[in-house]
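Asks: Please see the structure below; I have some questions.
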Amino acid sequence: MYCVFHVDVNSAYLSWEAVYRLQQGDSVDLRTISSVVGGNEADRHGIVLAKSIPAKKYGIHTGETLHSARQKCPGLMVVPPRYGLYMQCSEAMVAIMSQYAPLIQRYSIDEAFLHYQFPPGMTPGPEAEAAAVKTATRLKAQIRQELGFTVNVGIGPNKLLAKMASELRKPDQVHTLFLHEMPEKMWPLPVQELFFVGRATARKLRGYNIFTIGQLAATDPKLIHCWLKKPGLLIWQYANGLDHSRVTDEPVPVKSIGNSSTLAFDVTDRATAHQILLSLCETTAMRLRKIRRCAQVVSVTLRSDKLITCHHQRRLEVPTDVTSLIWQEACRLFDDIWQKEPLRHMGMHLSDLCSNDYYQLSLFHQHLEKHHQLDKTIDALRSRFGTRAVFRGCFSHSPIQPLMGGVLQDQEVEYPMMASYL
Amino acid sequence: MKVWMHPIEVIAFFDSQGLPRPLRYRWQAKDQPHHEPVIVKVDRILQQHEEKPAGNRMLVYRCQSVMHDLERVYELKYELSTCKWFLFKM
């Protein structure tokens with residue numbers, strides 16, 4: 001018999017930055033003053049990525065602009081993010097977790113699930129739960145002692161309840177949420193606290209007089225299905241603590257792949273926009289080939305300086321993983337929707353992925369093997385000598401990066417992003 | 001002791017287990033760039049341990065040396081990821 005631990009780092013980016021700075025001889029602990037980790041304002045990435053507890057007291061939220069955060073708290077300290085450091089911290093935490101159980105699922109950069117097997121001969125019950133709490137407390141203390149930051153550990157019979165448990169009260173806590181504890185610990189919470197319930201769903205549910213998770217759990221699932229269709233049934237199951245997903249260390253199946261970037265300057269001409277699309281295509285197509293897939297649908301997203309967003313997508317007649325062909329399609333999509341307004345954000349996505357081993361070719365399209373050979377060679381060079389080892393000549397004297405998008409732009413490793421499902 | 005975290009040049013001896021042992025270091029105070037750098041012989045290593053806050057592994061040495069006829073205790077750090085030595089505290 002087993003249960004699931006969910007380990008969540010408290011104010012992850014800020015804690016990691018604070019601990020690293022203390023190790024490097026800094027006299028100030030960022031966690032004890034009003035401070036935030038924020039992007040570079042000159043590049044127009046000036047938003048709050050993480051905040052300290054004193055900064056939270058000023059009403060600063062993650063995702064708001066640094067300008068507005070400074071207005072709320074005039075003496076606010078802003079430090080730039082260091083994603084390489086965060087990967088290092090995350091890996092060190094997972095290494096400690098792997099001393100406790102062999103099966104660990106990294107859910108995001110600062111969250112992971114652990115499959116905890118009850119001691120032999122122990123059946124689920126108060127004794128087994130106490131053993132799990134003891135182990136979780138030891139794990140939490142070891143992370144704090146060795147790595148210097150605090151975590152919350154949630155314990156539950158499945159991933160959903162473990163995740164809900166770790167959110168209960170922060171920081172540096174161990175919480176349990178077993179099925180018999182749901183009426184007391186989970187059901188009184190507001191419905192938007194439930195995993196998978198966002199702002200829009202919560203608003204709809206409030207419209208039906210459902211304000212707490214308990215009220216959602218007690219509602220007839222047929223009614224919920226009428227109101228919210230299939231996702232409604234999923235949140236009803238979650239409200240009742242039902243989740244059948246397993247802790248797995250296998251990579252999640254990729255359904256779509258994309259990259260986007262907020263630009264350092266407003267783009268007003270077609271040639272620059274096409275160059276940016278090429279840069280995004282280089283990154284996205286390389287990632288697509290790495291997972292050995294071809295894309296059948298290409299989509300482009302544009303956001304104007306007035307923050308109006310538009311998308312456009314088209315199905316390809318022949319699936320492809322060739323950078324140049326994807327870029328040509330992206331440019332056509334761009335030309336279809338661009339109304340000459342200045343652009344501050346551009347993105348592209350590839351979806352409806354299929355295997356790159358066998359796919360239907362068309363009689364009416366060129367299928368040039370040399371394209372595949374070229375991409376394969378470029379990928380191999382980048383993998384061996386770094387992503388900047390080889391890039392297109394049009395980027396050589398250009399302010400545009402040759403490979404845009406992604407968190408760790410100079411490295412080939414994938415930054416673990418949170419999935420929207422367990 | 002004051003925290004300096006000042007990068008230093010070090011002559012070290014690596015044992016057969018791969019553990020470095022500082023023998024001598026050269027230190028130039030940041031606030032006195034025109035002064036001659038001080039060369040210090042590490043007389044004794046009192047304690048040694050490894051730390052890894054934020055996953056960054058460092059070897060920490062508490063050492064003792066005679067400087068200007070005074071016996072002083074201080075801490076050196078060796079950062080494994082960058083192979084850099086620091087005078088951490090004195």
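The values are calculated or read from the model by the stated rules, or taken from the named source; none is laboratory data. Being a predicted model, the structure only gives us computed values, none of them experimental. Note that each Cβ is placed from the backbone with ideal geometry, even for glycine, and that neighbours are counted across all protein chains shown.
Asks: Does the stretch B:19-33 include one or more residues that are within 14 Å of chain A (Cβ to nearest Cβ) and either closer than 28 Å to A:S15 by Cα or in a strand (DSSP E or B) (or both)?
Replies: Of the stretch B:19-33, the ones within 14 Å of chain A (Cβ to nearest Cβ) are B:30.
If we keep only those that are either closer than 28 Å to A:S15 by Cα or in a strand (DSSP E or B) (or both) too, we end up with none.
No, the stretch B:19-33 contains no residue that is within 14 Å of chain A (Cβ to nearest Cβ) and either closer than 28 Å to A:S15 by Cα or in a strand (DSSP E or B) (or both).
Asks: Which residues, taken from the stretch A:133-152, are among the hydrophobic types (A, V, I, L, M, F, W, C), more than 13 Å from A:A112 (Cβ to Cβ) and touching a helix residue (DSSP H, G or I) at 6+ places or on another chain (Cβ under 9 Å)?
Replies: A:L147, A:F149
Asks: From the list A:I337, A:I378, exactly one residue is exposed (fewer than 15 other Cβ atoms within 10 Å of the Cβ), among the hydrophobic types (A, V, I, L, M, F, W, C) and more than 27 Å from the chain's Cα centre (by Cα). Which is it?
Replies: Values: A:I378 fails: exposed (fewer than 15 other Cβ atoms within 10 Å of the Cβ).
Only one candidate qualifies: A:I337.
Asks: Taking B:D43 as meeting all but one of (1) touching a Ser or Thr at 6+ places or on another chain (Cβ under 6 Å); (2) surrounded by 17 or more Cβ atoms within 10 Å (Cβ to Cβ), write down the number of the exception.
Replies: (2)
Asks: Within the stretch A:109-122, identify whether any single residue is assigned to a helix (DSSP H, G or I), in contact with a Phe, Trp or Tyr (Cβ under 9 Å, 6 or more places away or on another chain) and within 23 Å of A:D249 (Cα to Cα), and answer yes or no. Walk me through how you get there before you give the answer.
Replies: Restricting attention to the stretch A:109-122, the residues satisfying the condition of being assigned to a helix (DSSP H, G or I) are none.
No, the stretch A:109-122 contains no residue that is assigned to a helix (DSSP H, G or I), in contact with a Phe, Trp or Tyr (Cβ under 9 Å, 6 or more places away or on another chain) and within 23 Å of A:D249 (Cα to Cα).
Asks: Run down B:K84, B:K2 and say which single residue is within 14 Å of another protein chain (Cβ to nearest Cβ), of a type outside the set (D, E) and within 11 Å of the chain's Cα centre (by Cα).
Replies: On the way: B:K2 fails: within 11 Å of the chain's Cα centre (by Cα).
Of the residues listed, the single one that is within 14 Å of another protein chain (Cβ to nearest Cβ), of a type outside the set (D, E) and within 11 Å of the chain's Cα centre (by Cα) is B:K84.
Asks: Please determine, by comparing only the residues of the stretch A:1-21 that are within 13 Å of chain B (Cβ to nearest Cβ) and in contact with an Asp or Glu (Cβ under 6 Å, 6 or more places away or on another chain), which one is modelled with the lowest pLDDT. Steps first, please.
Replies: Going residue by residue through the stretch A:1-21, those that are within 13 Å of chain B (Cβ to nearest Cβ) are A:9, A:12-21.
Going one step further and asking which of them are in contact with an Asp or Glu (Cβ under 6 Å, 6 or more places away or on another chain), we end up with A:9, A:12, A:18.
Working: A:V9: 95, A:A12: 92, A:A18: 95.
If we take residues in the stretch A:1-21 being within 13 Å of chain B (Cβ to nearest Cβ) and in contact with an Asp or Glu (Cβ under 6 Å, 6 or more places away or on another chain), then A:A12 is modelled with the lowest pLDDT.
Asks: Quick check on the stretch A:78-94: of everything there that is closer than 22 Å to A:P54 by Cα and of a type outside the set (A, V, I, L, M), which residue is farthest from the other protein chains (Cβ to nearest Cβ)?
Replies: Restricting attention to the stretch A:78-94, the residues satisfying the condition of being closer than 22 Å to A:P54 by Cα are A:78-82, A:86.
Subsequent filtering for residues that are of a type outside the set (A, V, I, L, M) retains A:80-82, A:86.
Working: A:P80: 16, A:P81: 14, A:R82: 10, A:Y86: 9 Å.
Residue satisfying both the conditions and the ranking: A:P80.
Asks: Give the residues of the stretch A:272-313 that are of a type in the set (A, V, I, L, M), under 22 Å from the mean Cα position of the chain (by Cα) and part of a helix (DSSP H, G or I), sorted by residue number.
Replies: Matches in the stretch A:272-313: A:L280, A:A285, A:M286, A:L288.
Asks: In the set A:G39, A:G75, A:G59, which member is away from chain B (no Cβ under 14 Å) and surrounded by 18 or more Cβ atoms within 10 Å (Cβ to Cβ)? Write out each step before concluding.
Replies: Working: A:G75 fails: surrounded by 18 or more Cβ atoms within 10 Å (Cβ to Cβ); A:G59 fails: surrounded by 18 or more Cβ atoms within 10 Å (Cβ to Cβ).
Answer to the selection: A:G39.
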